[in-house]
Amino acid sequence: MGLLSIIRKIKRKEKEMRILMVGLDNSGKTTIVLKINGEDTSVISPTLGFNIKTIKYHKYSLNIWDVGGQKTIRSYWRNYFEQTDGLVWVVDSSDIRRLDDCRAELHNLLKEERLAGASLLVFANKQDIQGALKPAEIAKVLNLEVMNSSRHWKIVGCSAYTGEGLLEGFDWLVQDVASRIYVLD
Amino acid sequence: MEPEPDQPKVAAGGGHRKHLAMLERLSKRSSSSAGAPPSDSSDASPVEAFLSRFAGAKLAAESALSACRSDDATASLAAAAAAIDNIDRLIAEASHALPPYELRAALATAADLRAAHRVAASELRPKKSFSFRNKSRNLKNPPQDHVTASPPQQPPPEQPKPSLDAILPGFGFRGKNGATFVKDLRVSNDKDGDFTLADLVSCEVYLKGKCRALYIHKLRDCRVFVGAVLGSVLIEDVQGCIFVMAAHQIRIHEARVTDFYLRVRSRPIIEDCSGVRFAPYVLNYEGIEEDLKDSGLQEETGNWANVDDFKWLKAMQSPNWCLVPEEERLQTVNISEFHEQEDDS
């Protein structure tokens, strides 16, 4: 993030944050966004493109970009990288077979220069399902500790089905982004 | 005659050329019967001027090229390139005035010099690019070391898998050939669990009750009947199968020649599929209504036919899927009489 864009953001009356939600298909990205926005989550089709939601969160206005995770459209993720303040990586904690794919896609994403400044929140979703891996186990499998020195990150267990953990995750993300961007408050 | 010892070759070449040019000019003059004297004089002097300048430029280029083998090769190489460029320019400027032979000879000389320059450059640059390559190898080597170092890091992530498979034997059927599985999720304690079917060949699977999520991977020629899934179904790499299932979301990847009898709250999606067909849900067993209702699946939404193909974004019908013609569809399948058997495994 350049100095100019920081200044621009400070000057802006409406304190906006741009949040990008990505992750493999079937991880629950859309469900998380709808749940946190208090919407009905009982009928959600797999995302064909992307959804944008603007959510008031404390004194901030979150622009959440929820981008489909099907293999065919993962290559379009990069079209959404620009100006991202916070990155949310959603993991299906009960899909143990695809965790290797998950790790590969995540580390591929984190190489992206345009995301270098973004805080990373990893949601270990579907914790309500028996047999789901715990956040600490997911962190180990995804090899998250390699970013310790290079990026602000946190993993939070959650359930988009029950709503558990979602606020904890977003609280951390918003705080972390705010402390970086709106440092002059 | 004093310059001759210094540049014998050039002078000799120049002499030849002058001679030949003279011959050419003579023949030209004789061929153009009404050739006007003024044009002749203007014709002769540019050629001679060109030839002397060309000889000088050629000498400069040659000496620069020979200097390339000694000290300060880079500078000489650049000088040679400049000299050759100068020759090219001379030829271009004089080309309209030059007789054909002279032009051809000059162009050939320039080409020779360019080739010599290229040789000299390639003799020199290897040193440069070699060191550069070494550098890039040095740069590449650490990552390679990382790569070789990372496999030890990678196995740990993979280790949880077998242990998890060991922890969750009741959560799925894996790696069987020609078996029949019946599972009543209502009587087991893992109501809120996920269920996995993986690496099955020619198997029949009957799942009564509800589960939270269903993962299906690598099935060949199987028939799978599932009660209610209060979440999503993820299907990958199946062939020659029949699936009868009810779920909130269904994602189908890499399926070939497979029929799906679905009740689904949202639109099913396919990706990298071919020859897949869709029809409405046809499963029945005692108590299925309750299971479906508890899972919010009592309603027939008709979404079983609203398939989205990620590999077909045109408005027209995807060639990868179609509906099962009504006369070919399965009749209602009642599995009330199927009960769990311990000898399945």
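Rule-based calculations on the coordinates, nothing more; no lab input. Predicted model, so just to flag it, every value in this text is computed and none were measured. Backbone-built Cβ (ideal geometry, glycine too); neighbour counts: all protein chains shown.
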Handout entry: Cβ-Cβ FRET estimate between A:Ala104 and B:Ser63, R0 fixed at 45 Å, reported to 0.05
Key = 0.15
Practice task
Using only the alpha-carbon atoms of the range A:1-100, report the extent along each of the three principal axes, biggest first, to the nearest angstrom.
Solution key: 45, 29, 22
Practice task
Provide the gained length on full extension for the span B:Asp112 to B:Ser274, in nm with one decimal, where the gain is 0.36 nm per separating residue minus the Cα-Cα distance.
Solution key: 52.3 nm
Exercise for the section: Provide the FRET efficiency to the nearest 0.05 for the B:Leu323-B:Gln298 pair, computing r from the beta carbons and using R0 = 30 Å. Expected result: 0.85
Practice task
Calculate, for A:Leu3 and B:Lys311, the FRET efficiency according to 1/(1 + (r/R0)^6) with r their C-beta to C-beta distance and R0 51 Å; round to the nearest 0.05.
Solution key: 0.70
Problem - Directionally averaged projected area (convex hull, Cα atoms, the range B:167-334), nm² - result: 9.1
Problem - Packing-based exposure ordering (other Cβ within 10 Å, fewest first) of A:Glu112, B:Glu102, A:Glu145, B:Glu327 - result: B:Glu327, A:Glu145, A:Glu112, B:Glu102
Handout entry: Alpha-carbon gyration tensor eigenvalues x 5, square-rooted, for the range B:175-258, Å
Key = 20, 15, 10
Practice task
Find the all-direction average of the projected area of the Cα convex hull for the range A:41-185, expressing the result in square nanometres with one decimal place.
Solution key: 9.2
Handout entry: Helix A:99-110 axis, angle to chain A major axis (alpha carbon atoms, nearest 10°)
Key = 10
Problem - Order of A:Lys71, B:Lys293 under a 10 Å beta carbon neighbour criterion, fewest first - result: B:Lys293, A:Lys71
Problem - Exposure proxy order (Cβ contacts within 10 Å, fewest to most) of A:Tyr60, A:Tyr76, B:Tyr206 - result: A:Tyr76, A:Tyr60, B:Tyr206
Practice task
Measure up A:Lys35/A:Lys154; A:Lys154/B:Lys210; A:Lys35/A:Lys56 against 25 Å on the Cα-Cα distance and list the ones that go over.
Solution key: A:Lys154/B:Lys210
